[in-house]
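J.: Quick one: the structure is below, questions incoming.
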Amino acid sequence: MAPLPGIHNLPDAELLRLTKAIARDDFSERVSRAALALAKFGHLEAELDVLVGHEKRGALAIIAAILRERQRAPSWRASVAWSGPPPTGQGTRAPYELLQELIATAEKSIVFTGVDLKRDSRLLRSLHAAQRGRELQAQVILAQRAPDAAQLAHELFSDFKPWPELYAPDVRAVRVPLPLCLIADQSRAVLLAGAAPEVEAPDEDITAGVLLEDAQGATALYAQWRALLDSGAILPLSAADAAGA
């Protein structure tokens, strides 16, 4: 079972963005759900419920207290992601929900690897909408090259630009399928193994992984994928199709 939603679950970057939004002159003097939605925090309604009804000064004090407490704590955190046969979930996060969360809260960049265009279509549509709405840089690396990948991508993203940058492995250089992970803003990363995460996964399927909230670790992971791209082991989708022809 995933932990109850709450403001303490939000990353520092999201709390800082919230602070800036509440401090703006055009934000209402008393925090309301409508004001949060207008400031583009509607997707975090449950997490921010504790602020609703507070005056701006009180809400800012709550957020500042959380950030000060984190400065005294270790600079990184990790949470277990798990889904599988019941009873399960105590102290863990649902894998699919973690992927959704990172897509919803990323501000600058997302790298999503081990992707299947059919299986992960809902997540990819969310990513595409976030990319257009927040000008995210989005790189999607397929788990393996598929002959119909270009057609599937067009069906998913249509003519709404920009698309995520699409890549596929060169099977002459790396063994497929690639691992599934998602890196947001080079500060948070989800790594998953086992069954691919689903909205409502069958109880028989086990997915295990970790959410890493550590900029140094997430940046190091990003650097490894970047090195593969730079080396040509992972190619833009059109080039990968040509290499596998």
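The values are calculated or read from the model by the stated rules, or taken from the named source; none is laboratory data. Just so it is clear, the model here is predicted, and its values are computed rather than measured. Because the Cβ atoms are built from the backbone with ideal geometry, glycine has one as well, and the counts that use them run over all protein chains shown.
J.: Sort out which residues of region 95-129 are over 15 Å from Ile183 (Cα atoms) and either part of a loop (DSSP other than H, G, I, E, B) or not assigned by TED's automatic domain parsing to the domain that holds Leu166 (or both), and write them in order of number.
T.: Passing the criteria: Asp116, Leu117, Lys118, Arg119, Asp120.
J.: Looking at region 17-36, can you tell me whether even one residue there is touching a residue at least 60 places away in the same chain (Cβ under 8 Å) and either assigned by TED's automatic domain parsing to the domain that holds Ala94 or within 30 Å of Pro87 (Cβ to Cβ) (or both)?
T.: Looking for residues that are touching a residue at least 60 places away in the same chain (Cβ under 8 Å) and either assigned by TED's automatic domain parsing to the domain that holds Ala94 or within 30 Å of Pro87 (Cβ to Cβ) (or both), one finds none in region 17-36, hence no.
J.: Do the conditions hold for Glu107, that is, is it among the acidic types (Asp, Glu) and touching a residue at least 24 places away in the same chain (Cβ under 8 Å)?
T.: yes
J.: For region 209-231, state whether one or more residues are touching a Lys or Arg at 6+ places or on another chain (Cβ under 8 Å) and farther than 26 Å from Asp12 by Cβ.
T.: no
J.: Shifting gears a bit: Please state which one of Ala208, Ala195, Ala220 is assigned by TED's automatic domain parsing to the domain that holds Pro147, surrounded by fewer than 17 Cβ atoms within 10 Å (Cβ to Cβ), more than 20 Å from Asp120 (Cβ to Cβ) and of a type in the set (A, V, I, L, M, F, W, C).
T.: Of Ala208, Ala195, Ala220, the one residue that is assigned by TED's automatic domain parsing to the domain that holds Pro147, surrounded by fewer than 17 Cβ atoms within 10 Å (Cβ to Cβ), more than 20 Å from Asp120 (Cβ to Cβ) and of a type in the set (A, V, I, L, M, F, W, C) is Ala220.
J.: For the subset of region 197-214 comprising residues that are among the β-branched types (Val, Ile, Thr) and assigned to a strand (DSSP E or B), which member is nearest to Leu117 (Cα to Cα)?
T.: Within region 197-214, the match that is nearest to Leu117 (Cα to Cα) is Thr207.
J.: Considering only region 158-193, how many residues are part of a loop (DSSP other than H, G, I, E, B) and either farther than 21 Å from His128 by Cβ or of a type outside the set (Phe, Trp, Tyr) (or both)?
T.: 18
J.: Right, another one. Working only within region 33-58, note down all residues that are under 26 Å from the mean Cα position of the chain (by Cα) and among the small types (Gly, Ala, Ser).
T.: Ala34, Ala35, Ala37, Ala39, Gly42, Ala46
J.: Would you pick out the residues in region 130-152 that are part of a helix (DSSP H, G or I), closer than 15 Å to Ile103 by Cβ and of a type outside the set (Lys, Arg)?
T.: Ala130, Gln131, Gly133
J.: Just the residues that are part of a loop (DSSP other than H, G, I, E, B), surrounded by fewer than 14 Cβ atoms within 10 Å (Cβ to Cβ), modelled with pLDDT of 85 or more and in contact with a strand residue (DSSP E or B) (Cβ under 8 Å, 6 or more places away or on another chain), please, taken from region 38-94.
T.: Residue satisfying the conditions is Gly53 alone.
J.: Further question on the same structure: Against the definition (part of a loop (DSSP other than H, G, I, E, B) and not aliphatic (A, V, I, L, M)), how does Glu155 come out, yes or no?
T.: No; evaluated as a whole, the condition is false for this residue.
J.: So the check is Cβ under 6 Å with 6+ separation or different chains; which pairs have a first residue in region 173-197 that's under 11 Å from Leu98 (Cα atoms) and among the charged types (D, E, K, R) and a second one that's in a strand (DSSP E or B) and at pLDDT below 95?
T.: Taking only residues 6 or more apart or on different chains, the pairs are Arg188/Glu213.
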